[in-house]
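This report refers to the structure that appears directly beneath it.
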Amino acid sequence: MDSARLKAYLRLIPILFICYIIAYIDRNNVAIAKLTMEEDMPSFDAAVFGFGGGIFFLGYFLLEIPGSLIVERWSARKWICRIMITWGIMAAMTAFVKTPMHFYTVRFLLGVAEAGFFPGVIVYLSHWFTQKDRARAISYFLIASPVAMIIGPWVSQWFIDIGRTVVVDGQTITHPAVFGLKGWQWIYIIWGIPAVLFGIYVLIGLTDRPNQAKWLTPRERDALESELAREKALHQQRGHMSVMQALSSPKVLLLSAAYFGIVTANYGIELFLPSVFKEWYPNLEPSKIAQIVMIPSLLVIPGQLFIGWSSDRLQERRWHSVLPVVIGAVFLVLATQTKGTLWATILCFTVAAAGMKSYMPAFWALPSLFLTASAAAGSVGMINSVGNLGGFLGPFVMGKVQQTLQSYHYGLLFLAVTSTLSALLISFLPFRNTKDPQVHD
C-alpha cells in the first residue's frame, strides 16, 4: 500500500501540478497585461478590467457540475485534455481584443473552456488517495497556484515592455514590437501555447483509475483498490446520498457560500494587486511591479504544505480551514493603512495572500467527510462553481469602487469582510466530529 501511494504521488501529482500552473496563469495574467494594455486602449479602465476579469467565472459556472460528473463517470484524462486545449486557444485569442466587448466575450469563453478542471482534479484525487492522505495530495496540487503567481509575473516581465517607450535612469529606450504585437499581447499568446501542448500530453501521462495503472504491480493495484473500496463501503453503510440530495444538503450549501466569500476576496486581490501597487506607488515601472507581486506567493507555498500536513496528521479539517482565512482578513485590513510604506504594504499583502490560500487543502477535504462517488463529485462541482462566482464579484467590486472613489481602499475592506464571513460559516458547519465521517444530512 505504501509503495502504491508513493508511486501515485510521483506519477500523478507532477502532471496535475503543471496543468494547474498553466491554468492559473492563463486566467490571471490579465492582472499583469493590464498594466500596459490600458495604455494602448484608453477605454479599458478599472471597471472594464474588473468586469472582464470577473466574467471569466460566469462562464466557468456553467460546466462545473457536469465536468465533475464526467470525471467521476467517464475519464479524467480525456476531459482534462479537452479542457486544456480549448482554454489554451481562448487564452491566446485575448491578445487580439480591440474593444471591451471583445474582452468580455473572450474572458467568458475562457471560463467556459476551463470549467470542470479544478473540481475534476479534486474528484480525480479521490480515486487515488484515501481520506487520510487526501488533504496532503490536494495541498501538493494546490501549491501550483502560488507557484503560478511567481512564474507568471516573472516570465511576463520580460515581455511587458515590447512595443513600448520607457525611461530608464534618465534615458529613453524604445522597445520595438515583435511581429507587430505589443508586450501585453505576447503575454497572452506565450501562455496559451503550453496549455494546448500539455493537454495532449495529459492523454499519455494520466491514468484514470488504479486498476488501469500498468506502472503499479498487481499487488499494489489490489492493495490500493481494496483500501479505496473499503473506505467507500464504510461511507455507504452510513447512508447513501444521491447527487440531487447532495446538492441540496445544508452542508454543501454552506460550503458553497463560504467558498464564495473567500474566492471573492482571493480574486479581488489577485487581479488587482498589480494595480494597487501602481496606484499607491506611481513611480514603479510595470516590470518592477511584476517582480513585487511575486513576493506574496513565497509564503503561500509553505503555508499550504503545512496546513495539508497538519490537517492530515491531526485528521482535523474545520479549524485548519478557518484560522488561515481569519489571519488573511486581518492583514488585508492592515494593508489598507500602509500606503506610502512599500515594505509594509508588501508584508501585509504577503500574509493576507498566505491566509487566503493556505486554508484550501483542509477545506477541499471537507466534502469527502460525508459524501462519496457521484454525490461527492457533484457537490465538489457545485461548491466550486457557486464559490467561483465570487471570482466575478471581487474584481467587479474592486474595479467599480476604484472608478467611483478613485481609490482601492474601500474595495480591499470589502474583500476582508467577505472572507471573514466565510470563516464564520465554516466554523458553524454541522459536522459533529471532523475526525470521523458522520451520517449524511
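Tabulated results
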| quantity | calculated |
| --- | --- |
| Criterion: surrounded by fewer than 22 Cβ atoms within 10 Å (Cβ to Cβ), at pLDDT below 90 and either part of a helix (DSSP H, G or I) or out of contact with any His (no Cβ under 8 Å at 6 or more places or on another chain) (or both) - qualifying residue of Leu271, Leu254 | Leu254 |
| Test: residue in region 84-91 that is surrounded by fewer than 20 Cβ atoms within 10 Å (Cβ to Cβ), over 24 Å from Val155 (Cα atoms) and not aromatic (Phe, Trp, Tyr) | no |
| Residue among Gly399, Gly381 that alone is at pLDDT below 90, within 29 Å of Leu305 (Cβ to Cβ) and of a type outside the set (A, V, I, L, M, F, W, C) | Gly381 |
| Where a residue in region 222-235 is assigned to a helix (DSSP H, G or I) and its partner, wherever it lies, is surrounded by 15 or more Cβ atoms within 10 Å (Cβ to Cβ) and modelled with pLDDT of 80 or more, with Cβ under 6 Å and at least six apart | Ala223/Ala4; Leu224/Ala4; Leu224/Pro210; Glu225/Pro210; Glu227/Thr130; Glu231/Thr130 |
| Hey, Val123 closer than 19 Å to Ile83 by Cβ, without any contact (Cβ under 8 Å) to a residue 24 or more places away in the chain and part of a helix (DSSP H, G or I) or not | no |
| Positions within region 306-340 being within 24 Å of Phe414 (Cα to Cα), under 20 Å from the mean Cα position of the chain (by Cα) and among the aliphatic types (A, V, I, L, M), in sequence order | Val322, Leu323, Val325, Val326, Ile327, Ala329, Leu332 |
| Selection from region 182-219 of residues that are under 12 Å from Asn29 (Cβ atoms), of a type in the set (A, V, I, L, M) and more than 22 Å from the chain's Cα centre (by Cα) | none |
| Condition broken by Leu203, with the remaining ones in (1) surrounded by fewer than 21 Cβ atoms within 10 Å (Cβ to Cβ); (2) closer than 25 Å to Cys81 by Cα; (3) of a type in the set (A, V, I, L, M); (4) modelled with pLDDT of 90 or more satisfied | (4) |
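The values are calculated or read from the model by the stated rules, or taken from the named source; none is laboratory data. Quick caveat: nothing in here was measured; it's all calculated off a predicted structure. Here the Cβ is made from the backbone with ideal geometry for all residues, glycine too, and neighbour counts use every protein chain on show.
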